Amino acid sequence: MVADVTGGAAADAAPAIELRGISKAFGPVQANKDINIRVRKGTIHGIIGENGAGKSTLMSILYGFYKADSGDILIDGKPTQITDSLAAIRAGIGMVFQHFKLVENFTVLENVILGAEGGALLTPSKAKARRLLTQLAADYELHVEPDALIEDLSVGHQQRVEILKALYREANILILDEPTGVLTPAEADHLFRILRGLKEQGKTIILITHKLREIMDVTDEVSVMRRGEMVATVTTAETSPTELAELMVGRKVLLEVHKTPAQPGDVVLAGRGLRVVDKHGIERLRGIDIDIRAGEILGVAGVAGNGQSVLLELLAGMIPGTGTLTMNGEALDLSLKRDNARTRREDSIAHVHEDRHRCGLILDFMAWENIAFGYHHVPEYQKNALLMDNHAILEDAKGKIDRFDVRPPNPMLTAESFSGGNQQKIVLAREIERNPDLLLVGQPTRGVDIGAIEFIHKRLIELRDQGKAILLVSVELDEILSLSDRIVVMFDGRIMGERDPEKTDARELGLLMAGVTDDSVTGDAA
Ligand code: ADP
Ligand code: MG
């Protein structure tokens, strides 16, 4: 049920936060338009919306990073000027940043008191902080070793330090912007337990996420933003993921991926003992065996940074390594003395790089030029031995833009003027329509709208059903679980185990992602 934003339940006490008529423009972009929201005291309030909907901007206004062009902020019913982050802290607001702002070579304790009264290096404040930290840790299951250096902590623990920092400053209202993007499922569960504990102590929590499941799990109410506007606030218990997705996108969306069982054929790509040592001498891939068959999607799950990207780049001929690799039975050269990214493409391996800004697109080139990028030399783009046939490329680009529903469908716009989802479609159109035997695809839907996700997932399934092999790397477990025919989990440069998606779940994969060894599997993906 969709409730009126201003009506209903909050009548009893003043809301912890009320925003009235908040607007904010960045040049021509209206990031927030006349936003109204009430966040009730002692609740977990979700804010959900697609990329660019204006969520972070709204929270930055609340935290004093940006000044709204118009509108009012009320804290506990009192109009409050939040001119900077100090004013926000005084108003009892704490923010847990998407990118942590901790000092790496300081201890937990030093980071917690840094910037708060006393200063980091004063012994008395350290002793006081230590007592408080122990107390907070006991109260909220927020355990971290006070004397550990930040650089030695996992991302999940660093996040706890951010929360402790806010609590140390006596925050009553805690804002978390996309906190689970970097966490394993177990770490995310732990975070949610902490948040529920904080709520029981009367704290108010604003949780920003694009993950519908998290919203359903942990929030009491949820506000949905779309294109800078607040489109609805609903009670979580009375809504559904489907309704929320529809509110986010503004039309009906299919959340489930429909596919028939895979019909795997011959092994297309076979790798044995794959190793990569980076330029700092660190072993990033530690001996991986992998087989990918025609007509299957092999999903690689893992927390970002555990070697998945290195594996893709090795297979795509972008970085050298050792071991053996065959494609359709032919040996490829992992040292890259003979091979490179171009010869890989000629060997029918296509690659959608996870970082399309750095590797998939040239942002200030036009869409049609980007669609030919990497494939300039193919015969159908040549006028004669010397000249490229720009007309042919443009016509080809128009067809791809049409078939992949790139919006706006204008090949003459520069890549940078498209939204993330449409940029991704440009890259996918280019790589998929080369009709590769093997598609390597990293984070296919990162930063992509739900509507475009639906489209991209369908295309990947279609490609599989045409008998192509697909290696899918994603940090989104839901994506891995719904698309893959087989799943391997990577941790610290190794494959921790293989699972049948029909017979596993996020919890089990999460353990492997956290490096919990799996005795039943030998690390062999074959
Ligand atoms: P969300 O957090 O929901 O993904 P944001 O609040 O980050 O959305 O962005 C909303 C819109 O405002 C986007 O179009 C974004 O490009 C734009 N925007 C955000 N911050 C800035 C900025 N500092 N300068 C210019 N444009 C910005
Ligand atoms: Mg954001």
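The values are calculated or read from the model by the stated rules, or taken from the named source; none is laboratory data. All of these numbers come straight from a predicted model, not from anything done at the bench. Virtual Cβ from ideal backbone geometry, glycine too; neighbours counted across all protein chains shown.
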- prompt: Just checking, how many residues over the stretch 233-248 are surrounded by 19 or more Cβ atoms within 10 Å (Cβ to Cβ) and β-branched (Val, Ile, Thr)?
  reply: 4
query: If you check Met225 against the conditions, is it farther than 25 Å from Phe455 by Cα, within 16 Å of ligand 2 (Cβ to nearest atom), among the aliphatic types (A, V, I, L, M) and not in a helix (DSSP H, G or I)?
result: no
statement: Of the residues in the stretch 194-209, those that are surrounded by 19 or more Cβ atoms within 10 Å (Cβ to Cβ) and either within 16 Å of ligand 2 (Cβ to nearest atom) or free of Cβ contacts under 8 Å to residues at least 12 places away in the same chain (or both) come to Ile206, Leu207, Ile208, Thr209
- request: Determine whether Arg169 is in contact with a helix residue (DSSP H, G or I) (Cβ under 9 Å, 6 or more places away or on another chain) and touching a residue at least 40 places away in the same chain (Cβ under 8 Å).
  value: yes
field: Residue within the stretch 180-187 that is buried (at least 23 other Cβ atoms within 10 Å of the Cβ), in contact with a helix residue (DSSP H, G or I) (Cβ under 7 Å, 6 or more places away or on another chain) and touching a residue at least 24 places away in the same chain (Cβ under 8 Å) present
entry: yes
- line: Residue set Ser56, Ser60; condition within 16 Å of ligand 1 (Cβ to nearest atom), within 22 Å of Leu244 (Cα to Cα) and surrounded by fewer than 23 Cβ atoms within 10 Å (Cβ to Cβ); output residue Ser56
message: If I ask for residues that are within 8 Å of ligand 1 (Cβ to nearest atom), closer than 17 Å to Glu214 by Cα and surrounded by fewer than 23 Cβ atoms within 10 Å (Cβ to Cβ), which ones from the stretch 39-53 would you list?
response: Asn51
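Mind checking which residues of the stretch 237-263 are among the β-branched types (Val, Ile, Thr) and over 30 Å from Ala294 (Cα atoms)?
The first filter runs over the stretch 237-263 and keeps only residues among the β-branched types (Val, Ile, Thr), leaving 239, 242, 249, 253, 257, 260.
Selection gives Thr239, Thr242, Val249.
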task: Just need a number here: residues in the stretch 344-358 that are crowded, with 18+ Cβ neighbours inside 10 Å and at pLDDT below 90.
output: 2
field: Criterion: at pLDDT below 90, touching an Asp or Glu at 6+ places or on another chain (Cβ under 9 Å), at negative phi and in the same structural domain as Leu312 (by TED's automatic domain parsing) - qualifying residue of Ile470, Ile450
entry: Ile450
field: Residue, surrounded by the fewest Cβ atoms within 10 Å (Cβ to Cβ), within the stretch 215-232, restricted to residues that are more than 13 Å from ligand 1 (Cβ to nearest atom) and touching a residue at least 40 places away in the same chain (Cβ under 8 Å)
entry: Asp220
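Being buried (at least 20 other Cβ atoms within 10 Å of the Cβ), more than 16 Å from ligand 1 (Cβ to nearest atom) and closer than 19 Å to Ala304 by Cα is the requirement here; does Leu191 meet it? Full working, then the answer.
Details: buried (at least 20 other Cβ atoms within 10 Å of the Cβ): yes; more than 16 Å from ligand 1 (Cβ to nearest atom): yes; closer than 19 Å to Ala304 by Cα: yes.
Spelling it out, Leu191 is indeed buried (at least 20 other Cβ atoms within 10 Å of the Cβ), more than 16 Å from ligand 1 (Cβ to nearest atom) and closer than 19 Å to Ala304 by Cα.
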statement: Pairing a residue in the stretch 329-347 that is part of a helix (DSSP H, G or I) with any residue that is among the small types (Gly, Ala, Ser) and surrounded by 13 or more Cβ atoms within 10 Å (Cβ to Cβ), where Cβ atoms lie under 7 Å and the two sit 6 or more apart in sequence or on different chains, gives Ala341/Ala316; Ala341/Gly317; Thr343/Gly317; Arg344/Ala316; Arg344/Gly317; Arg345/Gly374
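Being over 19 Å from Asp449 (Cβ atoms) and either in contact with a Pro (Cβ under 9 Å, 6 or more places away or on another chain) or in contact (Cβ under 8 Å) with a residue 12 or more places away in the chain (or both) is the filter here, so list the residues in the stretch 379-401 that pass it.
To start, the set of residues in the stretch 379-401 that are over 19 Å from Asp449 (Cβ atoms) comprises 379-400.
Once the filter is applied, which keeps residues that are over 19 Å from Asp449 (Cβ atoms) and either in contact with a Pro (Cβ under 9 Å, 6 or more places away or on another chain) or in contact (Cβ under 8 Å) with a residue 12 or more places away in the chain (or both), the stretch 379-401 yields Glu380, Tyr381, Met388, Ala392, Ile393, Leu394, Asp396, Ala397, Lys398, Lys400.
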